[in-house]
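Trainee: Below is one structure. I have some questions about it.
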């Protein structure tokens, strides 16, 4: 993305939500903005309606867990289909009680994406109309994509790293 | 017991009563494992509650423990009707992360494979629309053509349905003369069959009456639900990843993006039908322009050395072992790559922390995203239209549940 376009997006956010941007920059070919989590939904709504950005298509949304920093992230990818500009927004929150407002008020498509993120990471999307597990069974007590959840049986010795010289 | 089933309690006298119908999870008409609890007023659907996840296999978690090559078979099982698109999309994501230059010939060969896969996927979907409207002939007839494509895959990579095709950097070998022969045979035979299939359904009065106006969605609604692929184009929005963000040299080819108007079953059917013709034309262009060159890029860390060298050369043997066991570290980084899958934008969001496996891999699965609009689309329609709507949206259980 051109530097002028990046500036434009940043100024659109800054004109109404000053001090919300933590950092921004190109990650490979994708312009990424890290924001504070409190006003994320208002910012996305602003980007949706503002004539200069018009990010009116939610490509995807997902969670990421960083246990070393005790952080949980949510990544939103927005797309302006008219000008073919894309932006990735990220928010971070502590992983012991992750909570963020729901995006379903802006994009109905966020409904299942947020349910999936809740299902796998335990992130509470407050205000969500139907925040239930979606792919896993409802009786499940853990959130499987969190890093502390082991993928394989931990009692197995034959798959430990030292067996492979790692 | 789902919530809707709990509601089946005796209602006080005089109150309007609804009946509840459990459609699925295993019902022959849903073509996959989908459950919908329908609240019915006679034969009209008042409300529907979908339950998904019956074949959830935790792909995103599995990918965190697997080296790159072991993730390719996982992607096969997303949209298994067009597995090569998923495989090649994944390889391209990795190549983007590694920053590898891919030879033109490989890009063109990939285009040929991906368009063949798109044809098979659309072919199944459209044939099934025919089945659900009571026309079984086309289905049986088109499956012969699908078989021809699967034989092409077989010649190229040895597998058929879950193809695991190609490698990071290119293909395991160049297309053999036998493969070209099979491709040419398909290109010769398929147009006639497709034309005949169109003759059966496209302007068939019964089929048109049955499909026009049922299961429709407006462009605004489709966009707000993040529709992509033929379903969005049927609603009148010409968003196609191949044209918008070309990958694998799609910018070299001329093709039309067909769009519909009403987003109903008939429009979806027609969009797919036209896309098959466009795919055929892209394949022909790719064969015509096919440049000479190597069949793989220069990726020694991830592309297996030739077999003769592995047996006769120590270094090659070591590399072979390292690649097969996934002992090569991936450079740290974060990439998103999307391809135009057969039913929408298939995206791979890959975060690497420099280990041998991805730190996080997220699949943007088009089915999962647009299937949530299904209850809204079928609201107020007849039960038989609901079945038809589902098959025309091309919801694939494997992709839906990851």
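Trainee: Residue B:192: in the same structural domain as residue B:364 (by TED's automatic domain parsing), in a helix (DSSP H, G or I) and closer than 27 Å to residue A:57 by Cα, yes or no?
Mentor: No: the conditions fail for residue B:192.
Trainee: Residue B:79 passes all but one of (1) in contact with a helix residue (DSSP H, G or I) (Cβ under 9 Å, 6 or more places away or on another chain); (2) under 30 Å from residue B:327 (Cβ atoms); which number fails?
Mentor: Residue B:79 satisfies all of (1) in contact with a helix residue (DSSP H, G or I) (Cβ under 9 Å, 6 or more places away or on another chain); (2) under 30 Å from residue B:327 (Cβ atoms) except (2).
Conditions (1) within 13 Å of another protein chain (Cβ to nearest Cβ); (2) touching a helix residue (DSSP H, G or I) at 6+ places or on another chain (Cβ under 8 Å); (3) assigned to a loop (DSSP other than H, G, I, E, B), marked per residue:
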position: A:119; (1), (2), (3): yes, no, no
position: A:129; (1), (2), (3): yes, yes, yes
position: A:139; (1), (2), (3): yes, no, yes
position: A:146; (1), (2), (3): yes, yes, yes
position: A:151; (1), (2), (3): yes, yes, yes
position: A:162; (1), (2), (3): no, no, no
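Trainee: Something else about it: Hey, does the stretch B:265-273 have a residue that's touching a strand residue (DSSP E or B) at 6+ places or on another chain (Cβ under 6 Å) and not in a loop (DSSP other than H, G, I, E, B)?
Mentor: no
Trainee: Let me ask something additional. Among (1) touching a strand residue (DSSP E or B) at 6+ places or on another chain (Cβ under 9 Å); (2) in contact (Cβ under 8 Å) with a residue 24 or more places away in the chain, which single condition is residue B:26 missing?
Mentor: Status for residue B:26: all satisfied but (2).
Trainee: Same structure, new question: Please pick out the residue among A:80, A:101, A:70 that is more than 9 Å from chain B (Cβ to nearest Cβ), surrounded by fewer than 21 Cβ atoms within 10 Å (Cβ to Cβ), in contact with a strand residue (DSSP E or B) (Cβ under 8 Å, 6 or more places away or on another chain) and more than 30 Å from residue B:237 (Cβ to Cβ). Write out each step before concluding.
Mentor: Values: A:80 fails: more than 30 Å from residue B:237 (Cβ to Cβ); A:101 fails: more than 30 Å from residue B:237 (Cβ to Cβ).
Exactly one residue qualifies, and that residue is A:70.
Trainee: Another question about this same structure. Could you check the stretch B:30-49 and list, in sequence order, the residues that are touching a helix residue (DSSP H, G or I) at 6+ places or on another chain (Cβ under 6 Å) and assigned to a strand (DSSP E or B)?
Mentor: Within the stretch B:30-49, B:33, B:37, B:45, B:48, B:49 meet the criteria.
Trainee: Exactly one condition in (1) surrounded by 18 or more Cβ atoms within 10 Å (Cβ to Cβ); (2) within 12 Å of chain B (Cβ to nearest Cβ); (3) within 20 Å of residue B:365 (Cβ to Cβ) is false for residue A:106; which is it?
Mentor: Checking residue A:106 against (1) surrounded by 18 or more Cβ atoms within 10 Å (Cβ to Cβ); (2) within 12 Å of chain B (Cβ to nearest Cβ); (3) within 20 Å of residue B:365 (Cβ to Cβ), the one that fails is (3).
Trainee: Using the structure shown, decide if residue B:146 is within 25 Å of residue B:258 (Cβ to Cβ) and assigned to a helix (DSSP H, G or I).
Mentor: yes
Trainee: Could you say which residue among A:21, A:64, A:91 is under 22 Å from residue B:351 (Cβ atoms) and at pLDDT below 90?
Mentor: A:21
Trainee: State the number of residues belonging to the stretch B:200-223 that are surrounded by 18 or more Cβ atoms within 10 Å (Cβ to Cβ) and either more than 14 Å from chain A (Cβ to nearest Cβ) or part of a helix (DSSP H, G or I) (or both).
Mentor: Qualifying residue count, the stretch B:200-223: 10.
Trainee: If you don't mind, another one. Just give me the residues in the stretch A:83-98 being within 13 Å of chain B (Cβ to nearest Cβ) and exposed (fewer than 15 other Cβ atoms within 10 Å of the Cβ), in sequence order.
Mentor: Matches in the stretch A:83-98: A:83, A:84.
Trainee: Only one of these is crowded, with 21+ Cβ neighbours inside 10 Å, more than 14 Å from every other protein chain (Cβ to nearest Cβ) and either in contact with a strand residue (DSSP E or B) (Cβ under 9 Å, 6 or more places away or on another chain) or touching a residue at least 40 places away in the same chain (Cβ under 8 Å) (or both): B:88, B:71. Name it.
Mentor: Values: B:71 fails: more than 14 Å from every other protein chain (Cβ to nearest Cβ).
Criteria check complete, one pass: B:88.
The values are calculated or read from the model by the stated rules, or taken from the named source; none is laboratory data. These numbers were taken from a predicted model, which means no experiment stands behind them. Cβ atoms come from the backbone with ideal geometry, glycine included; neighbour counts cover every protein chain shown.
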